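Some notes on the structure that comes next.
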Amino acid sequence: VLQYQEKKQNTAHSALLLIDASHIANLTDSFAESLGYITRAINLLEDLDLPELLASAHYRKGTLLYTWSQNGNPQFLRPAMEAYQRALKVFTKEQAPDTFAEIQHHLGVIYSEIPDEVRKKSIWAAVSISSFNEALCYFTRESNPYEYARVCNNFANALTKYPDAKLSDNYTKALSFYREALEVRTAALYPAERALTILNFLEA
């Protein structure tokens, strides 16, 4: 199908197919292949006046690099951050609150793990907290319980990685967020997620 669209010089359709191909490759953990597809899609879209589609491609690229980084490749944290930040120029809180919240959730994780000098870690911690709070403004326990628990679990994980705070205890806060996640992640509804959160709780 891609060859057909390229032959017809249907650039936008070709870009859409490449975005889909990238997503499928990402699902099968073929990260390098996925990156090749999404990079081609972005290169095509940069010559077109389709800002939402270009932002969607950057969002896909951010998700790919974020997933890759979480599989033992921290060198992809910064490129993931940059791709997400480009996507946020279009996917604002007002225009796309669900996508905005999901990006903020991932940025919260990225900011907590990004390699940098020790003296800058407190700055990264501050922006990480801000991103998690943005995500929790949309993913509430009442409206999106599954996502709420996921953000709480990852926020707690991040808190254990921040530099020590002068006026509060990061581990106390982390345990509180783990408890919030466990109230949603019951053994009946989410046994695998619950087991993961319990393990994190015990380690903290």
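The values are calculated or read from the model by the stated rules, or taken from the named source; none is laboratory data. For clarity, every value in this text was computed on a predicted model and none was experimentally measured. With ideal geometry, Cβ positions are generated from the backbone for all residues, glycine too; neighbour counts draw on all protein chains shown. Remember, those area values only see protein heavy atoms, side chains included, never the ligands or the DNA or RNA. Shrake-Rupley method; radii C 1.70, N 1.55, O 1.52, S 1.80 Å.
Tabulated data for the structure shown
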| read-out | value |
| --- | --- |
| Vicinal HN-Hα couplings computed from phi for the range 181-191 (Karplus, 6.51 cos²θ - 1.76 cosθ + 1.60; Hz; Gly/Pro x) | 5, 5, 5, 8, 7, 6, 5, 6, 8, 9, x |
| Average accessible area per residue (Å²) across the chain - probe 1.4 Å, nucleic acids and ligands excluded | 55 Å² |
| Charge dipole (the chain, unit charges on Cβ, about Cα centre) - positive-most of LEU16, PRO51, ILE198 | ILE198 |
| Furthest towards positive pole of dipole, PHE31, TYR66, ASN157, structure part the range 11-161, Cβ charges | ASN157 |
| Using θ = phi - 60° and Karplus 6.51 cos²θ - 1.76 cosθ + 1.60, couplings along the range 64-71 (whole Hz; Gly, Pro as x) | 4, 5, 4, 4, 4, 5, 6, 9 |
| 20 Å Cα-Cα reach of LYS166 towards aspartates and glutamates, excluding residues that sit fewer than 8 places from it in its own chain | GLU117 |
| Cα-based Rg / Dmax (Å) for the chain | 18.6, 63 |
| Flagged links, alpha-carbon separation over 20 Å, of LYS61/LYS173; LYS8/LYS89; LYS61/LYS89; LYS8/LYS61 | LYS61/LYS173; LYS8/LYS89; LYS8/LYS61 |
| Carbon + sulfur, % of accessible area of the range 82-204 - ligands and nucleic acids excluded, 1.4 Å | 56 percent |
| Low-density loop positions, GluC sites (Glu not before Pro), the range 5-79 - DSSP coil, at most 15 other Cβ in 10 Å | GLU46 |
| Vicinal HN-Hα couplings computed from phi for the range 3-18 (Karplus, 6.51 cos²θ - 1.76 cosθ + 1.60; Hz; Gly/Pro x) | 4, 5, 5, 5, 5, 7, 6, 8, 4, 5, 5, 4, 5, 4, 5, 5 |
| Gyration tensor verdict on the range 45-139 (Cα atoms; rounded if a/c is under 1.5, prolate if a/b is larger than b/c, oblate otherwise) | oblate |
| Rounded, prolate or oblate (a/c below 1.5 giving rounded, otherwise prolate when a/b exceeds b/c) for the range 1-105 by Cα gyration tensor | oblate |
| Student exercise, the range 1-81 dipole from Lys, Arg, Asp, Glu Cβ charges, in Debye to nearest 20 | 120 debye |
| The chain, dipole about Cα centre (Lys/Arg Cβ +1, Asp/Glu Cβ -1), debye to the nearest 20 | 280 debye |
| Loop-exposed trypsin sites (Lys or Arg not before Pro) per DSSP, neighbour cap 10 Cβ within 10 angstrom, longest uninterrupted part of the chain | 9-165 |
| Potential lengthening between LYS166 and LYS7 on full extension [0.36 nm per residue; Cα-Cα distance subtracted] | 51.0 nm |
